[in-house]
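Below is one structure, written out as structure tokens, with a few remarks after it.
The values are calculated or read from the model by the stated rules, or taken from the named source; none is laboratory data. Everything numeric in this text was worked out from a predicted model, so none of it was measured. We place every Cβ from the backbone using ideal geometry, glycine too, and count neighbours over all the protein chains shown.
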Amino acid sequence: MIEFFIPMKKIPTVTHQQKKVRVIRGKPQFYEPDELKETRAMFMELLAPYAPSEPMDGPLRLTTKWLFPRIKGTTNGQYKHTKPDTENLLKLPKDCMQELGFFVNDSRVASEITEKFWADTVGIYVRLENL
């Protein structure tokens, strides 16, 4: 099992779905805008210290808890039910985790639990475990 918390000043809301497309000589070309590249680099840097020496294999459960800075009218630990969507939040860090060798392939993640909260302590809690 791997478990850690990454404290942050602000949760990045740039998502993997924000790739762009351009047409060159009649063929579509997909690319990452600068903001997405910067967010990917940030996740790679923040996740790297927690990468295992060997990738985990077999059925895995990935639990993430996204703690957003509280806004007026919210309480610490209150569920956040506004954008961004949980599946959009998770895609980029999950891709980075695969690239860093947390698991053999992201298809090994058989169970995902992703929650969003308003919180006094801002950051991302991650737990990866064998099922």
**Study point:** Residue that is more than 19 Å from the chain's Cα centre (by Cα) and within 22 Å of Gly123 (Cα to Cα), where the choices are Thr75, Thr64
**Key:** Thr75
Practice item. Kindly establish whether Phe30 is at pLDDT 95 or above and either within 19 Å of Lys9 (Cα to Cα) or of a type outside the set (Gly, Ala, Ser) (or both). Key: no
**Study point:** strands (runs of 3 or more DSSP E) contained in the range 1-96 and holding at least 1 residues under 17 Å from Trp118 (Cα atoms) and touching a residue at least 24 places away in the same chain (Cβ under 8 Å)
**Key:** 2-7, 60-69
**Study point:** So Tyr50, is it loosely packed, with under 14 Cβ neighbours inside 10 Å and hydroxyl-bearing (Ser, Thr, Tyr)
**Key:** no
**Study point:** Members of the range 69-101 that are surrounded by 15 or more Cβ atoms within 10 Å (Cβ to Cβ), modelled with pLDDT of 95 or more and in contact with a strand residue (DSSP E or B) (Cβ under 6 Å, 6 or more places away or on another chain)
**Key:** Arg70, Thr74, Lys80
Exercise for review: Determine whether Glu99 is of a type outside the set (Lys, Arg), closer than 19 Å to Leu131 by Cα and outside any loop (DSSP other than H, G, I, E, B).
Suggested key: no
Revision key, fill the gap. Restricting the range 92-124 to residues that are in contact with an Asp or Glu (Cβ under 9 Å, 6 or more places away or on another chain) and β-branched (Val, Ile, Thr), the one farthest from Phe4 (Cα to Cα) turns out to be Val104
Practice item. Count, please, the residues in the range 97-131 that happen to be in contact (Cβ under 8 Å) with a residue 60 or more places away in the chain and touching a helix residue (DSSP H, G or I) at 6+ places or on another chain (Cβ under 9 Å). Key: 4
